[in-house]
1. Looking at Leu354, Leu441, can you tell me which residue is closer than 24 Å to Pro520 by Cβ and modelled with pLDDT of 95 or more?
2. At pLDDT 95 or above, under 25 Å from Tyr521 (Cα atoms), among the aliphatic types (A, V, I, L, M) and surrounded by 23 or more Cβ atoms within 10 Å (Cβ to Cβ): does that describe Ala434?
3. Have a look at Leu122, Leu77, Leu126, Leu97 and point out the one that is of a type in the set (A, V, I, L, M) and farther than 27 Å from Glu193 by Cβ.
4. Taking the conditions exactly as written (open to solvent by 10 Å² or more (accessible area, probe 1.4 Å), under 20 Å from Gly685 (Cα atoms), outside the structural domain of Thr360 (by the TED database) and among the aromatic types (Phe, Trp, Tyr)), does Trp583 satisfy them or not?
5. Quick check on the stretch 158-173. Is at least one of its residues touching a Gly at 6+ places or on another chain (Cβ under 8 Å), at pLDDT 95 or above and among the hydroxyl-bearing types (Ser, Thr, Tyr)?
6. So which residues in the stretch 418-429 are part of a helix (DSSP H, G or I) and open to solvent by 10 Å² or more (accessible area, probe 1.4 Å), if there are any at all?
7. Name the residue, out of Met415, Met403, that is out of contact with any Cys (no Cβ under 8 Å at 6 or more places or on another chain) and not in a strand (DSSP E or B).
8. Only residues that are at pLDDT 95 or above, within 23 Å of Ile129 (Cα to Cα) and surrounded by fewer than 16 Cβ atoms within 10 Å (Cβ to Cβ): list them for the stretch 69-89, please.
Amino acid sequence: QAHAKVWHLYNDHFRPTQKGKVSIALSSHWIKPQRMTEKNIKECQKSLDFVLGWFAKPIFIDGDYPESMRSNLSSLLPEFSDVEKKYIKGTADFFALSFGATLSFQLLDSHMKFQQLESISLRQLLYWISSEYNNPQIFIVENSWFVSGSTKRDDAKYIYYLKKFIMETLKAIRYDGVNVFGYTVWSLLDGFEWHRGYSIRRGLFYVDFQSHDKKLMPKSSVLFYQKLIEKNGFPPLPENQPVEGIFPCGFAWGIVDNYIQVDTTPTQFLDSNVYVWDVHQTKKLIKVDGVFTSRRKRHCVDFAAIRLQISLLQEMHVTHFHFSLKWSLILPLGNLSLVNHTLVHYYQCFASELLRANITPVVALWQPMPENQELPVSLAKYGAWENPETVQAFVEYAKFCFMSLGVHVKFWITMNEPPVKNLTYTAGHNLLKAHAKAWHLYDKEFRRSQKGKISIALQADWVEPACPFSRNDQEVADRILEFDIGWLAEPIFGNGDYPQAMRAWLHQRNSVDLYNFHLPYFSEDEKKLIRGSFDFFALSHYTTTLVGWEKEDALKYDHYLEVQMINDITWLHSPSRAAVVPWGLRKLLKWVKSKYGDVPIYVMANGIDDDHNMVHDKLRVYYIENYINEALKAYTLDNVNLQGYFVYSFNDRTAPKYGLYSYVANQYEPKPSMKHYREIIDKNGFPGPETPKLLCPEEIASCPECHFFRTRKSLLAFISFIFVAFIVTIFFITYYSKKVERRYK
């Protein structure tokens, strides 16, 4: 009633001359049902009625309280007379909304939630207000998030929530037709936050409450909000627009299956036993004791599982297939005293059948797995990569693989995605030496005859400073890149030693704290051994992470590296909460080029998980298209020497939720993302009307059987000589026989 009287006072006596507007600012939360049932939805409506509708409905609808309040509170709720209803109704020139400053974010009385779930979706609240109150003009008069009271000026968390709320406001205007005409951030500067006191901060300007003069200092959020106002929102950035173009001839289009389906069950045609069919009683086959047929030699066609996998790969139109061998199964004892020849034969057949289908096998010798790190038990039990003996064991294993599979495999990976997050520095040290020795072994003993290439594949997710205006955050991002990628990359692709930034940081940490992290040293001979032990730079990339130096969330803070992990809640996320950030791949590829030169680069794995209930597979379709387009930008605009791109993963059977093929009831079904990837492969990128056509020479299909003839030229020459001599002899015999016949006639 007080509000209505003031509104009428302004309307009758001041509006004609001052030409202003008057309203009431109402705070609200947003609520969503625990389960999508009619009862829960009604409870959500009731929650909004009790909080926002209590004041909004009398003013914006009919001058009376919501019916849900009337039915629940009965006599506790006062009655308006008809005159009062008419007087209150329409006493607002716009809808002034406060979201987040007081009621939202766990500050709402739990009884007002009616056992439903509170949410921070400003867009949905705006749409509800528009639908509930006849599409009023809305002015957001208070909206913000908060950060810890200990956070100083790099308030990244505040920035990304601010970004989320303003983006949701823009979506409500553009897509939902909500009439929002203004937005106000809460608040200008840090202050006393009621019952939370000084434990949180909401200001755009930092206030040091302990100082005498309470000096104001702008935070990173000020710069963010200033830039946003200058641009009046989020205009499309040129660098984020898709480009048209194609990849070079011979570009490797691949798919990954960390561990292929191995089924070495012998076919019935290899069984030498004789059986009788008991058609009268048991209706089963009965083996006849003591009677055998001749045993024939094994053939690759005996492995039925191979044919199915090859046919799926052919359907995808990929040119390369990347998979890993199982060291623990090939050499169960960790040495050549026991070899699983059946499994080796299976791998030989798989690789040869790939070549027959004109698909290049890309084979990793070692891929870490949770159980025993995918090492033979004898090695895992005695220190794994911590034990120097594992180095020599790996070299012997690599030599065996080169000898057994090198005829078919020309594209080798020594180690695929070594787990830097779980490796000790000693283990990483030995792993680098094992890789280098395996590379030199191939280079000296096998490269000339097998004509292949070999390198290591590192996981390389991009790291971006959370506050783009903060020098401290940039330093943190640079440090994480060195620890995550440079640790294993710098010795191989750089100077043969670990990054100087790593050594300096560990020295500083060891001298200040109780830590004792020892980064081993290489001898000069070891540096020479490791430096340059590559033919290309292979990397796996899945997502991008934001990092900052301000400690905000203890659960996501790394004390060892003094880094705070930040989440941009406006990014797309997968069901497992992996962020979809396509431009991170382009930045990574540029970083690799700037740091290690014009080295050939292969993106050996790039993929996202999905939800089994997602029929249309839209997220993965979006992911693949946009990540490949960013790779194209790196190739065409940044001159990155990109040679290939591989999607992770082949199917859901071996990598649940990541596959381009679903696997249900023993059946493989292509997902829409597989078909979309195939279209990109067929076009070799994203050609446009003005894209010049690329005439690529036809590749000659590799012939695995040809090796037999190439290595036996002398024998073939002798056989050819005998064959020609036989033909000549037959010719002369025939010729002289006919001549003798004519003479007698």
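1. Of Leu354, Leu441, the one residue that is closer than 24 Å to Pro520 by Cβ and modelled with pLDDT of 95 or more is Leu441.
2. Answer is yes for this residue.
3. Every option except Leu77 fails the conditions.
4. Spelling it out, Trp583 is indeed open to solvent by 10 Å² or more (accessible area, probe 1.4 Å), under 20 Å from Gly685 (Cα atoms), outside the structural domain of Thr360 (by the TED database) and among the aromatic types (Phe, Trp, Tyr).
5. no
6. Listed by number, the residues that qualify are Tyr425, Thr426, His429.
7. Just one listed residue meets the conditions, Met403.
8. Lys85, Lys86
The values are calculated or read from the model by the stated rules, or taken from the named source; none is laboratory data. Since this is a predicted model, take the numbers as computed values, not measurements. Neighbour counts are summed over all protein chains in view; Cβ atoms, including those assigned to glycine, are modelled from backbone coordinates with ideal geometry. Calculation scope for accessible area: heavy atoms of the full protein, side chains included, ligands and nucleic acids excluded. Shrake-Rupley method; radii C 1.70, N 1.55, O 1.52, S 1.80 Å.
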